[in-house]
Amino acid sequence: MIQVSEPAQPPAASLADAAVQLAQLPRYRRWGTLTAVRGAALSISGLGNRLAIGDRLQVERPADKSGPSAGAPVVPCEIVAFAADAAIAVPEGPTEGLAPGARAWLEESPVLYPNDSWLGRVVDGLGQPLDGLGPLPRGRRPAPLRQPPPAALGRRLIGERLETGIRTLDVFTPVCRGQRLGIFAASGVGKSTLMGMMARFINADVIVVGLIGERGREVREFLDRTLDQAARQRCVVVVATSDQPALARRRAAQASLAVAEYFRTTGRQVFLLLDSITRLAHAQREIGLAAGEPATARSYTPSVFTELPALLERAGPGQEGEGDITAIFTVLVDGDDHDEPIADAVRGILDGHIVLDRRIGERGRWPAVDVLRSVSRALPRCHNADENALLADARRLLGAYADMAEMIRLGAYRSGSDALLDLAIQRQPGLEGFLSQGVDERSTSEAAFAQLAEILHP
Ligand SMILES: Nc1ncnc2c1ncn2[C@@H]1O[C@H](COP(=O)(O)OP(=O)(O)OP(=O)(O)O)[C@@H](O)[C@H]1O
Ligand SMILES: [Mg+2]
């Protein structure tokens, strides 16, 4: 249906008047109709054939069903699939009160317009401020929520080593400019704390933090406790908490990338932290199931495994003349199952993974990085020969100790039986000390390697 209201305008006296009158003309709006609601899927017909996946709609709630307690007068939705005679949309909010025949219409797709004044601010996936610090100035450059990654051959290669400020990482899993790594850990093993340390210590121009599907309390804690004032000032934080609809959670992840991309195009070195990819995968699963996709392993739908690479690939080095997005994504590995489908998929996409182990934390060693199971694909290129030799020595000793740790603890190992193991036992306290670091203690790679040399070759 097409609804047109007749304007009653006097003739325009000048071009400027005509422009004003033109702007005041009521818009043509094409209405569609809500024909069915099945679970989280709305069927909408009558909107013609110019629709596409990802388009946004508004569906009207009847006047007597909206209000402060019943909900907003319109429910925003996004098209996620098409049936033979209808578009299938997922609502972004409660569907109470929606009735067959409700009017639906197309909305502009959201585009962010970030600029430098966004630094220090907290926003949602639509770029609306959440920090009560007033409206956000609008930049000139649009930053689309969905965007293909830069062309593979047009991108720079991964750059030189960055200082993360964390000894263990700088030595064992170094992070280079434009590299993308995952932090893999079960819940409560220190992912957010480690991310916070990096946000405070790393040498980057801009930090973008995406908090996706976290509990509200965690967001407050991260902003108020984990980040300090100085870190906040070079940070843009994009948030969608766990109580928000799946579309809003996915959009916040896309918005984090969009904001990071804006700063990358302006030549800045951007450090992106996204917590967590698992919760993003859960959001995509909800959307996929509503769209009627089949469920595969652990009920994840196929689109989860196409959306994840599409998003993660957007981070990374920029083209000539641009900056880079160095990124850390957290992955929650339920019950320490590192082979679950999301961990498996993400590990394949990224250029390295940092594994945190609950048992290490329980022993009192923080950050609880399991260096033997962590990998950075920037190695060995990013260390010099001396550094690589130290790293290899340390790994050999830590590996030898780990293999026999149980025997050693039980007192079943007799010293003198194995020279390497004897040395490993001797060096173990020093190495454990090296791998422990307080949350406020910042280190440099140079100091870290000097300390390691001192421990290994006293
Ligand atoms: N570097 C550290 N030093 C001391 N304690 C730590 C450190 N990192 C984490 N912890 C302890 O582990 C707890 C959980 O840490 P954190 O919130 O960072 O974990 P998480 O993996 O992000 O958890 P969740 O899965 O719930 O998001 C902290 O409250 C703290 O007690
Ligand atoms: Mg956390």
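The values are calculated or read from the model by the stated rules, or taken from the named source; none is laboratory data. Keep in mind the model is a prediction, meaning the values are calculated, not measured. Virtual Cβ from ideal backbone geometry, glycine too; neighbours counted across all protein chains shown. Calculation scope for accessible area: heavy atoms of the full protein, side chains included, ligands and nucleic acids excluded. Shrake-Rupley method; radii C 1.70, N 1.55, O 1.52, S 1.80 Å.
Return yes or no: is Gly335 surrounded by fewer than 23 Cβ atoms within 10 Å (Cβ to Cβ), at pLDDT below 95, away from ligand 2 (no atom under 16 Å from the Cβ) and not in a helix (DSSP H, G or I)? In short, no.
The condition (being on the phi < 0 side of the Ramachandran plot, of a type in the set (Lys, Arg), in a helix (DSSP H, G or I) and touching a residue at least 40 places away in the same chain (Cβ under 8 Å)) is satisfied by just one residue among Arg365, Arg359, Arg347: Arg347. Residues that are open to solvent by less than 40 Å² (accessible area, probe 1.4 Å) and at pLDDT below 85 were ranked within segment 71-94; the one that is farthest from Leu247 (Cα to Cα) is Gly71.
Scanning segment 170-221 for residues that are open to solvent by 10 Å² or more (accessible area, probe 1.4 Å), of a type in the set (A, V, I, L, M, F, W, C) and within 13 Å of ligand 1 (Cβ to nearest atom) yields Phe201, Val219.
Scanning segment 199-247 for residues that are among the hydrophobic types (A, V, I, L, M, F, W, C) and under 13 Å from the mean Cα position of the chain (by Cα) returns Ile207, Val208, Val209, Leu211, Ile212, Val236, Val237, Val238, Val239, Ala240. Screening segment 92-188 for strands (runs of 3 or more DSSP E) wholly inside it with 3 or more residues that are within 18 Å of the chain's Cα centre (by Cα) and within 16 Å of ligand 2 (Cβ to nearest atom) returns the ranges 180-185. The one condition from (1) modelled with pLDDT of 90 or more; (2) small (Gly, Ala, Ser); (3) closer than 20 Å to Arg232 by Cα that Gly132 does not meet is (1). Considering only segment 393-404, I want to know if a residue exists there that is out of contact with any strand residue (DSSP E or B) (no Cβ under 9 Å at 6 or more places or on another chain), surrounded by fewer than 19 Cβ atoms within 10 Å (Cβ to Cβ) and at pLDDT below 90. Within segment 393-404 (the criterion being out of contact with any strand residue (DSSP E or B) (no Cβ under 9 Å at 6 or more places or on another chain), surrounded by fewer than 19 Cβ atoms within 10 Å (Cβ to Cβ) and at pLDDT below 90), the answer is yes, since at least one residue qualifies. With respect to being within 16 Å of ligand 1 (Cβ to nearest atom) and either aliphatic (A, V, I, L, M) or open to solvent by 10 Å² or more (accessible area, probe 1.4 Å) (or both), Thr164 falls outside the description.
Conditions (1) among the charged types (D, E, K, R); (2) at negative phi; (3) within 16 Å of ligand 2 (Cβ to nearest atom); (4) in contact with a strand residue (DSSP E or B) (Cβ under 7 Å, 6 or more places away or on another chain), marked per residue:
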residue	(1), (2), (3), (4)
Lys191	yes, yes, yes, yes
Leu223	no, yes, yes, yes
Gln229	no, yes, no, no
Val237	no, yes, yes, yes
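Apart from one condition, Ser117 fits all of (1) buried (at least 21 other Cβ atoms within 10 Å of the Cβ); (2) of a type in the set (Gly, Ala, Ser); (3) touching a Pro at 6+ places or on another chain (Cβ under 8 Å); the exception is (1).
Restricting attention to segment 399-412, which residues are touching a residue at least 12 places away in the same chain (Cβ under 8 Å) and farther than 19 Å from Phe172 by Cβ? Spell out the reasoning first.
Quick first cut of segment 399-412, residues touching a residue at least 12 places away in the same chain (Cβ under 8 Å) only: 399-402, 404, 408.
Of everything in segment 399-412, those that are touching a residue at least 12 places away in the same chain (Cβ under 8 Å) and farther than 19 Å from Phe172 by Cβ turn out to be Met404, Ile408.
Residue count for segment 189-243, restricted to those that are modelled with pLDDT under 90 and part of a strand (DSSP E or B): 1.
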